[in-house]
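Some notes on the structure that comes next.
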Amino acid sequence: MRYEQGLTRNLQKPIAVQSLSPYNIRQQCVTDCSFIASLCICASFERRFRKQVITSILHPQDERGLPTYNPAGKYLVKLWLNGVARSVVIDDFLPIDKHGNLLCSITTDTTHSSQLELWVCLIEKAYMKLCGGYNFPGSNSGYDLFSLTGWIPERILFAKDPNNVKDFETHPDRVWQRIFSASSYGDCLITVSTQNDLPATEADKIGLV
């Protein structure tokens, strides 16, 4: 069932990108919190440094190089897998419930606007296709950021006890200045993960499950 059937009922008109904001992306039923975190940080980077990190991978595009809605329902997303850039072709058939509500990740503009913003839905669908489908077992944001940008990831484990740093850990003070400086100049993308027992209220508050 194509989601456009639900659009008529909800009086929502589709648009590729309305507001490229990391603060209105919300995970729904797909268990891809690390991927959604990666989308958030890419959107934040693009807004801050005016470099097309995430909008450049979604096609078709207009004369300004920005993603645009395709009435034919066909899209191409450039992703990286195993060190190789790949063109992932998708349509705009999206999973919905019986009331026409999207079950995939969305932006909150979808709920409060007359326009349905598609960039999150479409990029997520392309990544899920690359990984085998919406029954996604979860991932690591380092891998996810590489898939979105082609940038080589580095994973840093901070020491739980700064006075007893294990071989696989890094002292927080030693690495903080390096991260802060690189982030200030736009030389890196950073995500942080939590333990598995994040309280449900906190998870709901930040939009990740």
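Have a look at Lys98, Lys74, Lys129 and point out the one that is modelled with pLDDT of 95 or more and under 19 Å from Val30 (Cβ atoms).
Being modelled with pLDDT of 95 or more and under 19 Å from Val30 (Cβ atoms) holds for just one of Lys98, Lys74, Lys129, which is Lys129.
Consider Val30 carefully, then state whether it is of a type in the set (A, V, I, L, M) and at pLDDT below 95.
Here the answer is yes, as Val30 does meet what is asked.
So that you can scan it fast, the table gives a plain yes or no per residue for (1) within 19 Å of Leu20 (Cβ to Cβ); (2) in a loop (DSSP other than H, G, I, E, B); (3) over 19 Å from the mean Cα position of the chain (by Cα):
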| site | (1), (2), (3) |
| --- | --- |
| Tyr75 | yes, no, no |
| Leu94 | no, yes, no |
| His99 | no, yes, yes |
| Cys104 | yes, yes, no |
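Step by step: first the residues of region 154-179, then only those that are closer than 24 Å to Cys33 by Cα and among the hydrophobic types (A, V, I, L, M, F, W, C), then the one that is surrounded by the fewest Cβ atoms within 10 Å (Cβ to Cβ). Which residue is that?
By that ranking, first place goes to Leu157.
Pick out the one residue from Leu148, Leu118, Leu189 that is touching a Leu at 6+ places or on another chain (Cβ under 6 Å), open to solvent by less than 80 Å² (accessible area, probe 1.4 Å) and at pLDDT 85 or above.
Just a single option satisfies the conditions, and that option is Leu189.
For Asp109, only one of the following conditions fails: (1) among the acidic types (Asp, Glu); (2) modelled with pLDDT of 90 or more; (3) open to solvent by less than 50 Å² (accessible area, probe 1.4 Å). What is its number?
Unmet for Asp109, out of (1) among the acidic types (Asp, Glu); (2) modelled with pLDDT of 90 or more; (3) open to solvent by less than 50 Å² (accessible area, probe 1.4 Å): (2).
In region 122-145, how many are in a helix (DSSP H, G or I), open to solvent by 30 Å² or more (accessible area, probe 1.4 Å) and either in contact with a helix residue (DSSP H, G or I) (Cβ under 9 Å, 6 or more places away or on another chain) or more than 14 Å from Asp92 (Cβ to Cβ) (or both)?
So the answer is 3.
For region 108-121, does any single residue satisfy the condition of being part of a loop (DSSP other than H, G, I, E, B), more than 24 Å from Lys51 (Cβ to Cβ) and in contact with a Cys (Cβ under 7 Å, 6 or more places away or on another chain)?
Among the residues of region 108-121, not one is part of a loop (DSSP other than H, G, I, E, B), more than 24 Å from Lys51 (Cβ to Cβ) and in contact with a Cys (Cβ under 7 Å, 6 or more places away or on another chain), which makes the answer no.
The values are calculated or read from the model by the stated rules, or taken from the named source; none is laboratory data. Just so you know, these numbers come straight off a predicted model, no measurement behind them. Ideal geometry is used to build each Cβ from the backbone, glycine not excepted, and the neighbour counts take in all protein chains shown. These area figures cover heavy atoms from the full protein model, side chains too; ligands, DNA and RNA do not enter into them. Shrake-Rupley method; radii C 1.70, N 1.55, O 1.52, S 1.80 Å.
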